[in-house]
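Colleague: Mind having a look at this structure? Questions to follow.
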Amino acid sequence: MKGTRARYALPIRVTFIAGALLLLTQRASAQQSGIFYVYDDLNRLIGVIDQQGNAATYTYDATGNLLRVDRFDAAQQRGPVRITLVTPTAGKVGTQVQIFGTGFSATPAQNSVTFAGAGASVTDAAPTRLVTKVPSGAATGRISVTAPLGSATSTVVFRVLGQLTITPTTASIFVNRSAQFQALEAGTPTTNVRWAVNALPGGDTTVGTVTADGVYTAPATAPTPSIVTVTAIHKDDSTLTASAAVTISPPQPVFLTARAISVGVAEVRTVNQSVAATVSVAVAEPPATPFVAASAVSLQVAEGPPAAFAAAGLTAVAVAPVVTAVTPASGARGETLTLTLSGSGFGGATAVTLLLNNATDTTITVANLVVNADGTQVTVDITIDAGAPLGARVVQITTPTGSSTAAGTGGNLFTVQ
């Protein structure tokens, strides 16, 4: 429930710009009312705390339906200092935490808060509410409060979240293809995350979609730019995120070359001959001396089965190279820099050309072409003349199988600025 915040039962002024909440201004102090309304980062009411420290909490399902309401009676807890509600109940170091109850001092410095023994500073205080942050070195455990009237320990265990990471951190796929991503908390796989693509929950048909299990599917058309960001967001702390970069390639042309073959069909012959006994008949050139039988015989030549024919030749497949990203994507006149081209099909590359108006730009010199082992990355050194025209160029790579497109796709552009 990261992002929880308390609201007071007081008149407030709310300013909206373009539909977004920008400013919330109180007109009176919290102590004049003492009733707190707590909302999560989805703007759902998750708690109400009155002047006596009594609390009611609201729990929702994944689709936002209210599941249950729990009530906490401060009078049923022993001691002058009581903790009735902690929100959120999980977060990373630095996460703001609100502690509700009774018997707290309104002076922040007079309250001591610990997370499983690790001390935390109090940034705001009221008799029924303390605001603090998860301290460095905190571990998962209970929260304790010590005030001038006494001490209390929470009944709930606060879970300190570890670092969130994602694997793999990069991926390259074609349109309409999928890739599996896994979120890990402190190195352990976790499903307690929400997924987004380019900050869109679940993504969309333009940048691709991602399921609740982390399966990303690229869109039918490569977007511009061709690299999108897949992000895992921790459900307990929306500021705890991890991202991966996905490069989406358009369909690649495939050229097939088949070996030529020839078929010879024998000449049809007619047999009309008298023989003296059973004979075998074969098609051949007639003998120089005609054959004459001693007496007339009957000869029948039956039609044989149709000849079966099959032929196969070697097939060669050549995949044209595709440039999906150029880094850096711009440079200044008179500058010399190293370009890194990302994509596929770069194996055996022989040249990199910068095209201006569909012709080779002679104001940019290219040298020192290097291809990586799997043919997915190329580096070249370029020198931009001081008088080079401003504007974008298409970066084209040539390999033994062909050249990448001369049309600008967004990812294959370099700009002189």
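The values are calculated or read from the model by the stated rules, or taken from the named source; none is laboratory data. Since this is a predicted model, take the numbers as computed values, not measurements. Cβ sites come from the backbone with ideal geometry, for glycine too, and all protein chains shown count toward neighbours.
Colleague: Looking at (1) without any contact (Cβ under 8 Å) to a residue 60 or more places away in the chain; (2) closer than 14 Å to A351 by Cα, can you tell me which one L390 breaks?
Modeller: (2)
Colleague: Next question. Return the residue satisfying two criteria in turn: it lies in region 107-157 and is closer than 24 Å to N54 by Cβ and among the charged types (D, E, K, R), and of such residues it is surrounded by the most Cβ atoms within 10 Å (Cβ to Cβ).
Modeller: Going through the qualifying residues, I end up with R129.
Colleague: Take G391 and decide whether it is under 24 Å from I227 (Cα atoms), surrounded by 15 or more Cβ atoms within 10 Å (Cβ to Cβ) and not β-branched (V, I, T). So that I can check it myself, show each step before the final result.
Modeller: Values: under 24 Å from I227 (Cα atoms): yes; surrounded by 15 or more Cβ atoms within 10 Å (Cβ to Cβ): no; not β-branched (V, I, T): yes.
So G391 fails the test.
Colleague: Consider T4 against the criteria (1) within 36 Å of the chain's Cα centre (by Cα); (2) surrounded by 11 or more Cβ atoms within 10 Å (Cβ to Cβ); (3) at pLDDT 85 or above; (4) of a type in the set (S, T, N, Q): it satisfies all of them except one. Which criterion is unmet?
Modeller: Only one criterion in (1) within 36 Å of the chain's Cα centre (by Cα); (2) surrounded by 11 or more Cβ atoms within 10 Å (Cβ to Cβ); (3) at pLDDT 85 or above; (4) of a type in the set (S, T, N, Q) is unmet by T4, namely (3).
Colleague: So if I check each of T209, T229, T247, which one is modelled with pLDDT of 95 or more, surrounded by 16 or more Cβ atoms within 10 Å (Cβ to Cβ) and assigned to a strand (DSSP E or B)?
Modeller: It is T209.
Colleague: Looking at region 340-387, which of the residues that are in contact (Cβ under 8 Å) with a residue 40 or more places away in the chain, part of a loop (DSSP other than H, G, I, E, B) and hydrophobic (A, V, I, L, M, F, W, C) is farthest from A245 (Cα to Cα)?
Modeller: A386
Colleague: Looking at the structure I just gave you, is L369 over 25 Å from the mean Cα position of the chain (by Cα) and either modelled with pLDDT of 95 or more or surrounded by 15 or more Cβ atoms within 10 Å (Cβ to Cβ) (or both)? Steps first, please.
Modeller: Values: over 25 Å from the mean Cα position of the chain (by Cα): yes; either modelled with pLDDT of 95 or more or surrounded by 15 or more Cβ atoms within 10 Å (Cβ to Cβ) (or both): yes.
Yes.
Colleague: Give the residues of region 72-91 that are assigned to a loop (DSSP other than H, G, I, E, B) and surrounded by fewer than 20 Cβ atoms within 10 Å (Cβ to Cβ), sorted by residue number. Break it down into steps so the answer makes sense when it comes.
Modeller: Pass one, region 72-91, residues assigned to a loop (DSSP other than H, G, I, E, B): 73, 77-81, 88-89.
D73, Q77, R78, G79, P80, T89, listed by residue number.
Colleague: If you go through region 396-404 one residue at a time, do you hit one that is surrounded by fewer than 20 Cβ atoms within 10 Å (Cβ to Cβ), touching a Ser or Thr at 6+ places or on another chain (Cβ under 9 Å) and among the hydroxyl-bearing types (S, T, Y)?
Modeller: Yes: region 396-404 contains one or more residues that are surrounded by fewer than 20 Cβ atoms within 10 Å (Cβ to Cβ), touching a Ser or Thr at 6+ places or on another chain (Cβ under 9 Å) and among the hydroxyl-bearing types (S, T, Y).
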